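Each remark here refers to the structure printed beneath this line.
Bear in mind that the values in this text are calculations on the coordinates, not laboratory data. Since the model is a prediction, treat every value here as computed from it, not as a measurement. Here the Cβ positions follow ideal geometry from the backbone for every residue, glycine too, while neighbour counts run over all protein chains shown.
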Amino acid sequence: MPDGDRLRLVLPRVPHAELLAGQAVDELGARVGFARDTLDEVKLAVLEACLNALEYGQGQVEVELVAHREEAPRLEVHIVDHGPGFDPGSVPQPHLTEKIRSDRKRGWGLELMRRLMDEVEVDSTPGLTRVRMTRFRGRD
């Protein structure tokens with residue numbers, strides 16, 4: 001990929017490991033020329049994906065970011081974990097009123113990823129979940 005800068009991280013299962021991925025989003029997103037507001041949105045989506053992978057996966061979480069600067073400038077993020085897997089189609093869409101009344105405030109991760117990124121693909125089987133997200137520069 002001649003126009004892409006690539007960064008690979010392996011996140012250990014320690015508190016705040018997801019913040020390393022957030023720092024990588026800032027670095028590579030700036031190279032693509034994303035505005036600060038857009039980078040904050042991408043970072044939130046990546047942090048949610050990493051938190052899910054760290055919570056439900058087993059072992060380390062693999063994160064790869066690719067910054068494409070020339071044709072269709074964009075940031076691509078791939079997150080891999082080795083947990084039990086899940087069916088993304090069966091994840092209920094969260095509703096704000098239900099979350100306010102609930103003790104559990106989680107459950108917004110996949111919905112946030114879909115709203116903040118241009119493309120989100122989840123491929124999950126027992127032992128392997130892959131999330132691929134893309135945000136194009138200039139969509140706003």
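Backbone phi angles across segment 62-70, fed through the Karplus curve with coefficients 6.51, -1.76 and 1.60 (θ = phi - 60°), yield HN-Hα couplings of 9, 10, 10, 10, 10, 9, 9, 9, 9 Hz in residue order; Gly and Pro are listed as x. Using the Cβ-Cβ distance between Gln23 and Phe86 with R0 set to 35 Å, the FRET efficiency works out to roughly 0.80. Here the 3J(HN,Hα) profile of segment 42-55, calculated from phi with Karplus coefficients 6.51, -1.76 and 1.60 at θ = phi - 60°, is 4, 4, 4, 4, 5, 4, 4, 5, 5, 4, 4, 5, 5, 6 Hz, Gly and Pro shown as x. Distance between the pseudo-spin-label points of Ala72 and Glu55 (7 Å out from Cα toward the beta carbon): 3.1 nm.
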